[in-house]
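The next block holds one structure in the form of structure tokens; read it before the comments.
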Amino acid sequence: PQKCKISIFSLFGELVFEIRHNDPFSGNEWWDLRTINNQEIAPGLYIFHVEAPQNDPYIGKFAVIR
């Protein structure tokens, strides 16, 4: 969506990072794979939660492999 909040969590439910997306021209968002404490994330599975004003929340998962 053009405007949304993306929250990334570890499998233990710990908030890893939060992204505020606001771009009417692109649905892409970049993340430097660092936590809110500016540490590199570990390889593994992560959960993401997308909240947009006019849409239902969306939950998904992704893997980081190094």
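The values are calculated or read from the model by the stated rules, or taken from the named source; none is laboratory data. Nothing here was measured: the structure is a model prediction, and the numbers come from that model. Backbone-built Cβ (ideal geometry, glycine too); neighbour counts: all protein chains shown. Surface areas here come from the heavy atoms of the whole protein model, side chains and all, with no ligands, DNA or RNA. Shrake-Rupley method; radii C 1.70, N 1.55, O 1.52, S 1.80 Å.
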*Looking only at the range 14-62, and only at residues there that are touching a residue at least 24 places away in the same chain (Cβ under 8 Å) and in a loop (DSSP other than H, G, I, E, B), the one that is farthest from the chain's Cα centre (by Cα)*: Gln54
_Subset of the range 30-66 (residues that are more than 18 Å from Gly13 (Cβ to Cβ), touching a strand residue (DSSP E or B) at 6+ places or on another chain (Cβ under 8 Å) and open to solvent by 100 Å² or more (accessible area, probe 1.4 Å))_ = Glu40
*Considering only the range 7-29, how many residues are of a type in the set (Phe, Trp, Tyr), within 16 Å of Ala63 (Cα to Cα) and exposed (fewer than 12 other Cβ atoms within 10 Å of the Cβ)?*
1
